[in-house]
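Q: Okay, here's the structure, questions in a sec.
No value in this document is a laboratory result; all are computed from the given coordinates. Please read all numbers here as calculations on a predicted model, not as lab measurements. Cβ atoms come from the backbone with ideal geometry, glycine included; neighbour counts cover every protein chain shown.
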Amino acid sequence: MAVPRHVPRIVFASTAIALAAALTACAAVDGPAPVDLVDASQVVTEYREAAADFPEPLPPGEEFPEDPPGAYSSTEEYEAGFGGSFAAFYWRCEWIGEYGDTATVLGIVVG
């Protein structure tokens, strides 16, 4: 669409910015969404449940450890679902290790 020569393009840009600002102000919220927090014992429970029902297999001969690997504090609170992420990270690291070992055996340079 051609802009008439008598209407500067800045008017269109200013109108678009003002409209966007007005619509954003209408959608404002009263702060961040609430987060469900759990203690360390719940993190362990979430991890064990996630590990038991993990949808993909680990490399041959590997098993999920009984407790979540990695560092977490028994005195802190965590966002609900954090324990399940330990299972996903463990699965990923095991497969990275498996592929790294295979690459080493085959003499493939990784990285």
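Q: Taking interchain pairs and intrachain pairs at least six residues apart, which have beta carbon atoms under 9 angstrom, with the first residue in the stretch 60-73 and free of Cβ contacts under 8 Å to residues at least 60 places away in the same chain and the second in a loop (DSSP other than H, G, I, E, B)?
A: Phe64/Phe54; Phe64/Leu58
Q: Looking only at the stretch 55-95, which residues are assigned to a strand (DSSP E or B) and hydroxyl-bearing (Ser, Thr, Tyr)?
A: Filtering the stretch 55-95 for residues assigned to a strand (DSSP E or B) gives 77-79.
Within the stretch 55-95, Tyr78 is the sole residue that qualifies.
Q: Please specify each residue of the stretch 53-68 satisfying the condition of being surrounded by 14 or more Cβ atoms within 10 Å (Cβ to Cβ) and farther than 15 Å from Glu98 by Cα.
A: Those that are surrounded by 14 or more Cβ atoms within 10 Å (Cβ to Cβ) and farther than 15 Å from Glu98 by Cα: Phe54, Pro68.
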